[in-house]
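Enquirer: Sharing a structure with you now.
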Amino acid sequence: MTVTDATNPVATDVPEHNPFESMLKRFDVAAEILGLDDGLYEILKTPEKELKVAIPIRMDDGSSKVFAGWRVQHNSCMGPCKGGIRYSPHVDVDEVRALAAWMTWKCAIVQVPFGGAKGGVRCSPRDLSLGEIERITRRYTAEISDIIGPDRDVPAPDMYTNEQVMAWIMDTYSMHQRHTVTSVVTGKPWGLGGSQGRKEATGRGLLTCVREAAKVKKLDLAGATVVVQGAGNVGGTIARLLHEVGVKVKAISDIDGTLIHEGGLDIPKVLKHVERNKTLAGYKEGDYNSGEDLLSMECDILIPSATENQITRANAERLRCQIIVEGANGPTTAGADPILDSKDIFVVPDILANAGGVVVSYFEWCQDRMGYFWDKRDVNVRLAKVMQKAFKNVLRRTKTYKVNMRVAAYMEGIDRVGYHTKMRGLYP
Ligand code: NAD
């Protein structure tokens, strides 16, 4: 097995902005400490199935266009594959591969019986009409329908997809099956097979991690300051939940710019503005700046909740926070890890921090299959329990193996999937 020095998970030759390489870099470090044998190493790092599809669509102006889409199933050893679908102009197979692998480790860390998958369609949702997005969604679903299903692979929302997109996926799949199959997808609207609390689940899971991380760093949340990158489902929800418990959110950003108020932003008002205008731009209170370097602002807790490759070798040294809780998938490159360690920043990694979404997706899948729905309190109480337990398991490993939270989280995920792979054995 070719791996790097486990105590120093940096290598200058890592293609820093390739998310799959970034995933593999951490995988190698964890695999070496776990002592994975060569065979298991090869099995666990290799995606099981990759489907690329062409999505031809009639545009509103009568022309037609072909969009590219992917569905990658990384590992199904623990159960049906699970993972979101993102619509983004930059998505490519390496990004989807990395996201699928992260889902495998994430599901194992929170101990839900799912494997890892992810999907993506290369498109610019902000330049498309609702009708065009619906047609892309339905054709994409039809193209991947042979490999998805409640017992095979269950998609969910991710960047620029939402409850409406999930409802279209469910409807399209159901039309093909000739009966309604709610459990083919999670993150659906409530009443259509969706679960209470799913929409804010990733944010709620992050809140548990913020609380646990504050305990580790002996930080009193009552006087703490937070900076959030991203004002979408994940960023907007965690900003709101922290605001509700009295934490001062001094800055939040979206793809258009950064909104800052040193005294603390009125987050519910900010989010109403975003809901109405689809952007932070134009919000009147505080300073709005399209060029501000949000990540290097002084704060206690930084919550990157937008996209990959934000904290890198180039800017990690400039960060001025005590804790990072990763709402986004892959916001930190492998090259930045040792710099954050050297600054004694406590990082709750993506595969643990943002797992709340998949936990409640699992609850939704269970409810759909039972045809019996829980109330919001049940969902939130069970979610908090799962997240606390996962955090403690990972923290315990940091102490046992003298590694940071990211390496410990990878070890936790890989160890579980590895154990089950060995127990199942190889077919034939
Ligand atoms: P979203 O589409 O609801 O919101 C994305 C937000 O990020 C928007 O505010 C957008 O303007 C902003 N953004 C995009 N690029 C940016 C950039 N370069 N700089 C600053 N802001 C930028 O997406 P989401 O569902 O909130 O997902 C955000 C991240 O969280 C993604 O990495 C996603 O994979 C991850 N995630 C989402 C879920 C979920 O349940 N939705 C679960 C786990 C992880």
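The values are calculated or read from the model by the stated rules, or taken from the named source; none is laboratory data. Keep in mind the model is a prediction, meaning the values are calculated, not measured. Ideal geometry is used to build each Cβ from the backbone, glycine not excepted, and the neighbour counts take in all protein chains shown.
Enquirer: Mind checking which residues of the stretch 1-31 are modelled with pLDDT under 85 and in contact with a Pro (Cβ under 6 Å, 6 or more places away or on another chain)?
Expert: Result: Val10, single match.
Enquirer: Which strands (runs of 3 or more DSSP E) does the stretch 241-331 wholly contain that include 1 or more residues that are among the hydroxyl-bearing types (Ser, Thr, Tyr)?
Expert: 248-254, 257-260, 287-289
Enquirer: Scan the stretch 247-265 residue by residue and report those that are acidic (Asp, Glu) and away from the ligand (no atom under 14 Å from the Cβ).
Expert: Within the stretch 247-265, just Glu262 meets the criteria.
Enquirer: Right, next: From Gly187, Gly203, grab the single residue that is within 15 Å of the chain's Cα centre (by Cα), under 30 Å from Ile345 (Cα atoms) and within 15 Å of the ligand (Cβ to nearest atom).
Expert: Gly203
Enquirer: How about the stretch 398-417: which of its residues are surrounded by fewer than 21 Cβ atoms within 10 Å (Cβ to Cβ) and either part of a helix (DSSP H, G or I) or without any contact (Cβ under 8 Å) to a residue 40 or more places away in the chain (or both)?
Expert: Selection gives Thr398, Lys399, Thr400, Tyr401, Lys402, Asp415, Arg416.
Enquirer: Continuing with the same structure: Within the stretch 320-336, can you find the residues that are within 16 Å of the ligand (Cβ to nearest atom), out of contact with any helix residue (DSSP H, G or I) (no Cβ under 6 Å at 6 or more places or on another chain) and over 11 Å from Arg406 (Cβ atoms)?
Expert: Ala328, Pro331
Enquirer: Restricted to the stretch 337-357, and to residues that are touching a residue at least 24 places away in the same chain (Cβ under 8 Å) and away from the ligand (no atom under 16 Å from the Cβ), which residue is surrounded by the most Cβ atoms within 10 Å (Cβ to Cβ)?
Expert: Going through the qualifying residues, I end up with Asp337.
Enquirer: Now a separate question. Output the residue which, of all residues in the stretch 20-77 that are of a type in the set (Asp, Glu) and over 23 Å from the mean Cα position of the chain (by Cα), is farthest from Ala108 (Cα to Cα).
Expert: Among those residues, the one meeting the criterion is Asp61.
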